[in-house]
Each structure stands twice: as structure tokens, then as C-alpha cells.
Amino acid sequence: FNTGCTSRGICGKTFETAGLQDMSLWTNAELSHAVLEVGEENLPEALREEVREAIVSNTMSTLTNVNFDEDRIAEQIMTARRLHDRVRRMSTTIPELMDFPEDEVERLAVSRQVGINARRPNFVDEDCFGLRECALNGLTGTVAYLSHVEHNRKHDLSIEVCSKEERDQVFADVYSVYSGLRNFSEPLDYYLGLAMKTGSTNVKVMELLDRSHNLMFGTMGPISVSSVPQEGKALLLSGHDVRDVEHVCRTIKERELPISVYTHGELLPAHAYPNIQAHGTLKGHYGRAWQKQTIDFKKFPGAIVMTTNCLMPPRKSYRDRMFTAGHTGFEDVEHVDLFSEEGINSVLDKAMDSPGFTDATIQPWAETKPHLTGFGHNALLSHAETIVGAIKAGALTDIWVIGGCDGTEKSRNYYTDLAVMTPESSVILTLGCGKYRLRDLELGNLGESGIPRLLDMGQCNDSYSGVVVALKLAEALETDIHHLPLHFAISWFEQKATAVLLSLLSMGIQNIKIGPAMPAFLTPNLQAYLAENFNLQQVSLTDPSADLKEFISQP
């Protein structure tokens, strides 16, 4: 079936880094199993929190385009191993872990014992193997979203972003799936159960993240964001961590520094939160989609901070102005804790020492159109009566969800072509970095409603907003979600997209098309199963008009 990366990661990671990532995931599974054996409720509170932090950190280091720093990954593995030993000593049945040598060559040899090529021969059935890898891929995406919830919670304990019961249940689910992945000889239904549990857990996590963002930063609302820089000192924040944007903007305001903050990539929706806008230091959005960063960052005349993915191996031309924060890392790039005085000072000092924007460096962006974003579920549902009325009157015939991950492949232009072909009586909900395939389209408004036909709902995790809108519209129309004129064309690239796909499947949502290629872990038999039970198909790269007709003809 499909083939993933075989010698070097498309994201730029080496074989050695990938080996450490395999060891990270294996260690997480063993640690999760140990916690379940002992019972998390029996762990001392401090140990319980250390384990949770290690599970999240280790998982995030394996996400595409996050951490390339092998020394940091190795240290995180050692931390998890020490925690496993502490948990193990609370039981008489949990064995010690295999050795993890300090020598890099020996370490790589050990990591190969737990990698995908070592796992595969244990499976007689390729379908079980593929579904097991699907669950693992999705789980890493779910924990990535959980890392944002935990980041929000850690840095503002005055706001209860989730109850103790909700948090306990999410971590219990994560431990359960991780532990279940240790088994290599179960029937297909077992691995299907792990995949579906990953999806349902991800729905809970996306709900918590949506709630935490709106509680901490104010309710997301529509906003037009300038993509033309302003003259003066500049600081660029890229990744996904909205909490980091708020903290940096507030700090600059409190210190009365002449620094303008710009977002990049999937941090565009940070502009849509009123509590962040209130600081007055967030001035616009800079650059294009993540895969263009090596070109765009070279031209940015200030400090650059990567908060999460997507980090590409930085060029020398801007490496001395770049910082990694949180879970991101790259050798020879300074890593900072933005919430420490030393860390934030390093970033702000670099911004002040850099030249900043001048008329000459602004000029290349002068004609760039603004971004319209912030159409989360609260904003859209405030127009629910208008939307429902338009559907009943036949003025709104179709709702398209076109978004997900972007990438370098030209085949991803399929999503642009499909959007252009959608009828004028339809609206498009877009999210994730896939929005950059659509942002330059002039689609106008839906009839006389004043509602834009292209609605940017936010980051990839704001897929939850799409689900909320769909459920509320179905309720208002006295039907179910399957009888809405709702069509999903999803682009995928990394683990969070897999988590979102499993979320949709766990909710029973059907008629989804994904692409540009099918995930490598989906065997022909699994693709046939998904087609038969969920009508999940690969997009038709050569003929998007055929997909359009099929979507519209679905009952």
C-alpha cells in the first residue's frame, strides 16, 4: 500500500532523529501501561503531574516539524524512563525497560528495535498493522492538541479551562490507547477500537481547547487582519500557541516597547480574540503558508519565534534571529522559555537590536490583501436564523468544509480548483493552513445575506467549531447531521489531521474526501472498509468537477 518516508523525513528530520522519536513513543506506551497497572489514582500527586507532562512532551517531540534537537529528545526519553522506574517500583509485576545507551551509535541501534520496520514483522495481517499505525498517528495528534490545553492551564490557573474530572478522563483515555498499542497480535476490531477511541478522545480535547481559548482570550469574532507590515521594530510568532501570542503582546505593552508583533502560519486566528487585540501590540499577519517560511523568514527584519510546528530547518540567513519555544527545537537555534524573564528578554532584545521594517522592506507586501478570519462557532451561530432561513428557502444549497493541512505538492491545488467550482449558492468553511490555498479567491457574499462565501474558522483544532455548527444547524432544521447539505474535502499532511479525521469518523460522519494522497497506513482493504462504511474516498486530483458532482448528488 502507500509508502511514507523511508530514508529521510519530508519535514527534514534525519534517520537518527526519527529513531529517537520511535523510542519516545515506545517509552510513552510502556510508561502509560505502568500507570494503568498501578492505577493513576494511586500515584502521589507530584508524580502524577510529572508523568502527564512527560507523556505530552515526549509525544510533541515526535510531531512533524516540531523538534529536531536530538539531545533534547534523548533527555526527554531519559526523564520518561526515570518516571517509569518510579512507577514500576510501586508494583511487583512491571518489568524494567530495555537499556538506552548514552553512545549515539548504540542508541540508534536500540531505537531501531522499536521502530516501524521492527514492528511490522510482528503482524501477520497488514490491515491490523495499518490500523494500529493509524491509531498511533492519530493519538500523537490528539496529544498535540492536549499540549495546548495544558499550556493554557499551566500559565493561567485563575481560569478553570477544564474540570479535574474532564482532565483525568482525557489522560486516562490517552494512557489506555498508548497501552493498547503495545499489543501486536489482536484482531482487526481491536485496532479499530483504538482508532475510534482516539477519535472520540480528540473530540473532547478539541472542545477543551476551544473552551480555554474563548475563556482566556475572549470570544472569537470575525476580523480583517492586515498583511502589510508597519514601519518599526518587529517580532514574528509562528506555530499554534495562542497563549504565547497573548503573553508576548501583553509584555510588550507593559514595558512600553516600540515593537510590533506579527503572526505567521496558523497563528493568524489569534487576531480574532478581543483580549489579545486589547493590548494594541498585535499589528498584522506576515508571510504565506508554512512551506514558504524559508523565503519569507529571510525577509523578516526582526526576531522570529517558533512556538510549535511547522518548523522547517532554518537557513543561516535568519538563524541568528530565530528562537524555538515550548516543545520546538533545532540544533544551534536558541531555545527560550517565553514565560521566564531570561527567555522573554532574549527575544525582545533581539527584536530591538534588529533593523525592523522600513519603507523599502514594506514595499514587497504593500499590495497584499488582508485576511478575514475569526468565524468560529459563536460567530456563525449568531447568524443561525439567517443561515437556517437561507437553507429552507433554497438560497443556501451547500456547506463545504475545505481545509486541513497545506504542503509543497502541486496536487494540493485541487482544493483551490474545487473551491472555485462551488456554486454561488454555497458557503465554504475553511480552517488550518489549508486556508492558504483559498485566501486569494474572490467568492463574494451569499446572495443578499451579507455572509461571506468563504469563512475562515481558525486553526486546525477549530474543526470543533465546524462540528458544533453542523450539530446546531441539524437541530434547528429538525434533522440529523447526515442529512445536512454538508460536504468535507480535507487535506492532510501530519498527525493532527489524522486525529481530526478519526474524530469525524468516531461521530459517524460520512461522505468525506481526503487527499491529495491516501495516508500510508491505509491498506487497500482498509480503504475499501472506509469506503463501504463511511463513504470515505480519495479526492479526484485529475477531475475535481467529478467530485463536485458526486458531493452535490449525495442525498
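The values are calculated or read from the model by the stated rules, or taken from the named source; none is laboratory data. Treat the numbers as computed from the prediction; the structure is a model and nothing was measured. For neighbour counting, all protein chains shown are included, and Cβ atoms are generated from backbone atoms with ideal geometry for every residue, glycine included. Each accessible area value is taken on the protein alone, full model and side chains, heavy atoms only, with ligands, DNA and RNA left out. Shrake-Rupley method; radii C 1.70, N 1.55, O 1.52, S 1.80 Å.
Relative contact order, whole percent, for the range 44-104 stands at 29, derived from Cα pairs under 8 Å and 6 or more residues apart. The value of relative contact order for the chain, using C-alpha pairs under 8 Å at least six residues apart, is 17 percent.
Across the range 77-233, the convex hull enclosing all Cα atoms gives 233 Å³ per residue. Computed with a 1.4 Å probe over protein heavy atoms only, the accessible surface of the range 210-265 comes to 32 Å² per residue. Peptides 394-407, 130-143 ranked from most to least packed by the mean count of surrounding Cβ atoms within 10 Å: 130-143, 394-407. Evaluating kT/(6 pi eta Rh) at 10 °C and 1.306 mPa s, with the Kirkwood radius of the range 1-160 over Cα pairs in the Stokes-Einstein relation, gives 94 µm² s⁻¹. Calculate the length of the line joining the C-alpha centroid of the range 333-375 to that of the range 451-525, in whole Å. First find each Cα centre; the distance between them is then 33 Å. Reported value for the range 405-510: 105 Å³ per residue, from the convex hull of its C-alpha atoms.
Highest-first packing order for the peptide set 317-326, 64-73, 264-273 is 264-273, 64-73, 317-326, based on the mean count of other beta carbon atoms within 10 Å. Rounded to the nearest Hz, the phi-derived 3J(HN,Hα) couplings of the range 323-335 under the Karplus curve 6.51 cos²θ - 1.76 cosθ + 1.60 (θ = phi - 60°) are 10, 10, 9, x, 8, 6, x, 8, 4, 6, 10, 5, 9, where x marks glycine and proline.
When the pairs K283/K435; K472/K549; K204/K369; K154/K316; K369/K549 are compared against a 29 Å limit on Cα-Cα distance, K204/K369; K154/K316; K369/K549 fall above it. Of the solvent-accessible surface of the chain, computed with a 1.4 Å probe and all protein chains present, 50% belongs to carbon and sulfur. Fully extending the segment from H383 to M98, taken as 0.36 nm per residue of separation minus the present Cα-Cα distance, adds 96.8 nm. In the chain, the calculated helix contribution to ellipticity at 222 nm averages -15000 deg cm²/dmol per residue, counting -39,500 (n - 2.57) for every DSSP H run with n ≥ 4. For the pair K164 and L372, a Förster radius of 30 Å applied to the C-beta separation gives a FRET efficiency near 0.20, rounded to the nearest 0.05.
The stretch between V110 and T408, if pulled fully straight at 0.36 nm per residue, gains 104.0 nm over its current Cα-Cα span. Taking all protein chains together and a 1.4 Å probe, the residues E30, E45 rank E45, E30 from largest to smallest accessible area.
The DSSP beta bridges internal to the chain are antiparallel in roughly 10% of cases. Please find the FRET efficiency linking L443 to E41, where r is the Cβ-Cβ separation and R0 is fixed at 45 Å, and quote it to the nearest 0.05. So, using R0 = 45 Å, E works out to roughly 0.30.
In percent, what relative contact order does the range 1-148 have, based on Cα pairs under 8 Å that are 6 or more apart in sequence?
Relative contact order of the range 1-148: 32 percent.
Computed over the Cα atoms of the chain, the ratio of the radius of gyration to the Kirkwood radius (Rg/Rh) comes to 0.95. The amide H of N535, built 1.01 Å from its N in the peptide plane, has N511 as neighbours under 5 Å, considering only residues 5 or more places off or on other chains. Pull out a ≥ b ≥ c, the square roots of the eigenvalues of the alpha-carbon gyration tensor of the range 100-167, then state rounded if a/c is under 1.5, prolate if not and a/b is larger than b/c, and oblate in the remaining case. Verdict is oblate for the range 100-167.
In the full protein context, the range 57-193 carries 45 Å² of accessible surface per residue, based on a 1.4 Å probe and ignoring ligands, DNA and RNA.
From most to least packed by mean Cβ count within 10 Å, the peptides 539-550, 285-296 give 285-296, 539-550.
Considering all different alpha carbon pairs of the range 449-555, the Kirkwood hydrodynamic radius works out to 15.0 Å. Across every direction, the projection of the convex hull enclosing the Cα atoms of the range 185-321 has a mean area of 11.1 nm².
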